[in-house]
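Report on one structure; see the data block that follows.
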Amino acid sequence: MTHLMRLRTVAEAGSMRRAAGILSVTQPALTRSIAQLESHFGKHLLVRHSRGVVLTGFGERVVSSVQRLQRHWELEERSLEDDKSVLSGTLRVRAGPLWRAVILPAVVAELHRHHPDLVVEIQNNGSGLNDTLIDLVEGRCDVVFGGVQVVEENNQRLMVRNYTTIVDRVVAREDHPIFGGLQKGENLDASALLNYPWLVYTADPVYELQTIHACVERLGSAPRIRASCESLIATIAMLQKGDYLCILPDRAVANTMNPRIVPVPVELGRRTIVTGAVFRGEMVDWPPLSGLLRICEKHIGSEGDFAPSPPM
């Protein structure tokens, strides 16, 4: 394990000399560690060049495993130190904007009622879910919440727990003029969508594509996009204050108030997304994670299918 940890430091430093300084060992000692690993595996781990070293393809696989094993050991070490009746340590969560803004706040609050010493770190998915899944496999995070369609079925290290299906809908505030004259249960003439300004939620590029393509395909004309916003909370606030139309996940607006944000009764660009949790298989029995997953299942089950209330 010492040799493996040294290899990881060499990979991060990009140089044997810099890695030796970080580890406070001599460069010959570090070179011997790498040589012993290469002898053990029977394969080269590093390629040396004028500016330092880089990992071989096999070396990248080894370092990926080291990252994962180190995180698992950190958790095991914490469990050995802790009183069994008290859960502590750090649970690292990555999540999409819907989960961060709408679902996880209540879930994490309930988790802390049971385990007040646990530290929960919630971060966004960064540059994309694929990169986040690499971080998950390598132990830089413990669970990812969001769309699960992109998870490779042949990735044996990852487990997927589907919670629900979310539908993207055209939404507006409940007293928006677009509802004027509509009777309960009546569908809107889709051409009316072109009479109002649109707000595009940009946390996911697919929403701008949906907004434009759905209108062009259905109505033959692009909508009047007058604002864009990356924040889900700010997007909802703008919808409450202005005469905007927007495409959002139904769950994102299900509990909005004063005024409510409700679906517009029109068939336009309804994308469905299977959403849930992805985590490493060896983590399934780790109490903080298993507790979080149980609370998620309970919370989402209590919310039904997440469908928002229809306009009155």
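Highest mobility in the GNM of the chain, judged by mean-square fluctuation with C-alpha springs under 10 Å and restricted to Leu182, Leu158, Leu133, is found for Leu182.
On the beta carbon distance between Val54 and Arg157, with R0 = 30 Å, the FRET formula returns roughly 0.80. For the stretch 135-141, the Karplus equation 6.51 cos²θ - 1.76 cosθ + 1.60, evaluated at θ = phi - 60°, returns couplings of 4, 5, 4, 8, x, 7, 9 Hz by residue, with Gly and Pro reported as x.
So, with a 1.4 angstrom probe, what is the percent of accessible area on the chain that is carbon and sulfur? Carbon with sulfur: 50 percent of the solvent-accessible area.
Structure remark: mean-square fluctuation, Gaussian network model of the chain, C-alpha springs under 10 Å; the largest value among Val47, Val107, Val264 belongs to Val47.
Cα-based radius of gyration for the chain, normalised by 2.2 N^0.38 Å, reads 1.27.
Take the Cβ atoms of Met257 and Thr164, set R0 to 25 Å, and the FRET efficiency comes out at 0.70.
Phi angles across the stretch 20-26 convert, under the Karplus curve 6.51 cos²θ - 1.76 cosθ + 1.60 with θ = phi - 60°, into 3J(HN,Hα) values of 4, x, 5, 8, 6, 10, 6 Hz, Gly and Pro given as x. Over the chain, accessible surface divided per residue gives 52 Å², non-protein components excluded, 1.4 Å probe. Under 5 Å from the amide H of Thr256 lie the amide H atoms of Ile261, each residue being 5 or more positions distant or on a separate chain, with H modelled from the backbone and absent for Pro and chain starts.
In this simple spin-label approximation, Lys298 and Ile22 carry label points 7 Å from Cα along the Cα→Cβ vector, and these lie 4.2 nm apart. For Leu46, the residues whose modelled amide H falls within less than 5 Å of its own, excluding neighbours fewer than 5 places apart on the same chain, are Thr56.
Can you tell me the FRET efficiency between Gln123 and Ser39 if r is taken as the Cβ-Cβ distance and R0 is 41 Å, rounded to the nearest 0.05? In this case the efficiency is close to 0.55.
Ordered from highest to lowest accessible area with the whole protein assembly present and a 1.4 Å probe, Met16, Met159, Met5 read as Met159, Met5, Met16.
State, as an integer percentage, the relative contact order of the chain based on alpha-carbon contacts under 8 Å between residues 6 or more apart. For the chain, the relative contact order is 20 percent. Between His3 and His114, the modelled labels are 4.2 nm apart [label points 7 Å from Cα along Cα→Cβ].
Each residue, Asp189 and Ile134, gets one label point 7 Å from its Cα in the Cβ direction; the gap between the two is 5.2 nm.
Largest accessible area first, the residues Val171, Val274 order themselves as Val274, Val171 under a 1.4 Å probe with ligands, DNA and RNA left out.
Karplus-based coupling profile of the stretch 272-280, in residue order and whole Hz: 9, 10, 7, 10, x, 10, 10, 8, 6, with θ = phi - 60° in 6.51 cos²θ - 1.76 cosθ + 1.60 and x standing for Gly or Pro. A Gaussian network model of the chain, with springs between Cα atoms under 10 Å, assigns the largest mean-square fluctuation among Arg173, Arg224, Arg61 to Arg61.
Out of all Cα-Cα pairs in the stretch 111-243, roughly what percent, to the nearest whole number, are more than 23 Å apart? Tail of P(r) above 23 Å: 54 percent of Cα pairs.
The values are calculated or read from the model by the stated rules, or taken from the named source; none is laboratory data. Because the structure is a prediction, the values reported are computed rather than measured. Here Cβ is always computed from backbone atoms with ideal geometry, including for glycine, and neighbour counts include all displayed protein chains. Surface accessibility is based on the protein's heavy atoms, side chains included, excluding ligands, DNA and RNA. Shrake-Rupley method; radii C 1.70, N 1.55, O 1.52, S 1.80 Å.
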